[in-house]
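Peer 1: Before I ask anything, here is the structure I am working with.
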Amino acid sequence: MCQDCITRVALSRRSLLRGATSATLSAGALFWAGRAAATASAEPAPTPDHVMNELVAGNTRHVRGVQTCTDFLANRAALAKGQHPLAIVLACADSRVAPEYVFDQAPGRLFTVRVAGNFVDVEGLASMEYAVDHLGVPVIVVLGHSSCGALTAAVGVEQNHTALPGHLSALTDQLSIPVRAALAGNPADPVAAAIRQNVVYSMERLANGPSIVATAVAAGKVKIVGGIYDLSTGGVALVSR
Ligand SMILES: [Zn+2]
């Protein structure tokens, strides 16, 4: 981790300690202790709100072009011993949407699950369950993005019965429910509406189990957040369910 990152994380954790209530810290410490075998950390678990503040601040740096996490050698030895990610990010496989850059986070900070169209399938859900159950990650970000090729293709299939080569229909099949829901509203921009509805649909799938993730959400241990990354500006607009 670069020196700027180390300093920023240290400051973030100190402000966390100052701002949290004793009850919050106690619950966080107990939760973190339950993960000790997997993570071996004495740090109290950050709350979902603190993680979100960190991600919003990182995206602001990304928009401004002032990335701070650029040294990938400094923290390599520590990361070889274990990981303590702050957030899970379900993102598209699109080469322009790299979560670590979008949120200006160093290696080890984000547990990423990526597939074209950023939908929830059973393998992705299992990956997220691991991160929630074994690593104690308190936030899941479902990250769509503007001009998504997978959602554009899925809209084409629904509107024009477009035939796709190879296995591509496996992707658009997964996107058909939110795409149909979006098109039912006769939106002015069908692709943009489908991108947003797909984020909402994925958030609902994660929250409404049955799954380890849904149980953790119901218990207040995990927060699910939606966002759409704008390829033109670099900004992430939050999406509500
Ligand atoms: Zn995409």
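Peer 1: If you count, for each residue, the other Cβ atoms within 10 Å and average over each peptide, how do 191-198, 106-113, 53-60 line up from highest to lowest?
Peer 2: Numbers: 191-198: 23.9, 106-113: 20.5, 53-60: 18.9.
Per-residue Cβ counts within 10 Å, averaged per peptide and sorted highest first, yield 191-198, 106-113, 53-60.
Peer 1: For a paramagnetic label modelled at 7 Å from the Cα of LEU168 toward its Cβ, which residues of segment 105-149 fall within the zone defined by backbone nitrogen distances under 20 Å?
Peer 2: 115-119, 145-149
Peer 1: Shifting gears a bit: Going by Cα centres, segment 58-88 and segment 91-113 are how many Å apart?
Peer 2: 10
Peer 1: What spacing in nm lies between the two simple spin-label points modelled at TYR101 and ARG241, each 7 Å away from Cα in the Cβ direction?
Peer 2: That separation, rounded to one decimal, is 3.1 nm.
Peer 1: A further question follows. Counting only residues 5 or more places away or on other chains, whose amide H sits under 5 Å from the amide H of VAL89 once H atoms are built in the peptide plane?
Peer 2: Hits under the 5 Å cutoff: PHE111, THR112, VAL113, VAL141.
Peer 1: Additional query: Quick query: amide H of GLY235 versus all other amide H atoms, modeled in the peptide plane; which residues come in under 5 Å with a sequence gap of 5 or more or a different chain?
Peer 2: Residues meeting the criterion, in which the H sits 1.01 Å from N, are ASP230.
Peer 1: VAL137's amide H: which non-local residues (gap 5+, or another chain) put their own amide H closer than 5 Å, with H modeled 1.01 Å from N in plane and none for Pro or chain starts?
Peer 2: It is VAL132, by chain and number.
Peer 1: What's the ranking of 74-84, 129-139 by average number of surrounding C-beta atoms within 10 Å, highest first? If you can, show how the numbers build up before the last one.
Peer 2: Numbers: 74-84: 13.0, 129-139: 20.7.
Going from most to least packed, we get 129-139, 74-84.
Peer 1: Where Lys and Arg each count +1 and Asp and Glu each count -1, what net charge lies around PRO187 among other residues with Cβ under 15 Å from its Cβ?
Peer 2: 0
Peer 1: Using label points projected 7 Å from each Cα along Cα→Cβ, tell me how many nm separate LEU231 and ASP189, to one decimal.
Peer 2: 1.3
Where a number appears in this text, it was derived from the coordinates with a stated rule and is not lab data. Small disclaimer: the values here were computed from a predicted structure and weren't measured. So basically every Cβ, Gly included, is an ideal-geometry build from the backbone, and we count neighbours across all protein chains shown.
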